[in-house]
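See structure below.
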Amino acid sequence: MGWDAKDIALLKRLWTAGQSAAQIARRLGCSRNAVCGMLTRLGLKRGHKPPTAKPKIRPAPKPRPASLAACARPVAKKVSRNSAERQQPKELSKRQLYAILAEAVRNTG
């Protein structure tokens with residue numbers, strides 16, 4: 001779109017009146033991006049609204065001393081019966097390992 005002085009004057013007037021870029025684009029018969037580009041080139045910006053929320057800033061919690069912590073009391077170590085009764089796996093010889101490997105190869109083919 002070619003921007004002439006009339007279009008730019010109308011753009012400035014509608015922008016200061018508070019219309020959106022899409023509304024101005026419909027009025028001028030061009031795309032919203034064309035309007036946004038021209039607004040950028042002209043240096044026209046909308047003022048940002050100040051934030052409405054007023055967050056409360058609280059100080060970080062102070063760490064508790066170790067003596068007051070719940071984990072400061074010694075606790076007897078609990079040992080599961082299953083782990084004590086578990087047997088260690090038996091060691092296999094080289095020949096047994098090769099036999100297992102050969103069987104696995106046969107089963108995959």
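Derivation of every value follows stated rules applied to the coordinates shown; laboratory data play no part. Keep in mind it's a predicted model, so treat the numbers as computed, not measured. Ideal geometry is used to build each Cβ from the backbone, glycine not excepted, and the neighbour counts take in all protein chains shown.
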Inside segment 8-33, the number of residues satisfying the requirement of being surrounded by 17 or more Cβ atoms within 10 Å (Cβ to Cβ) and either out of contact with any Cys (no Cβ under 6 Å at 6 or more places or on another chain) or in a loop (DSSP other than H, G, I, E, B) (or both) is 7
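Please go through segment 89-109 and pick out each residue that is of a type in the set (K, R) and part of a helix (DSSP H, G or I). It would help to see each step written out before you state the result.
Here is the first cut: in segment 89-109, the ones of a type in the set (K, R) are 90, 94-95, 106.
Listed by number, the residues that qualify are K94, R95, R106.
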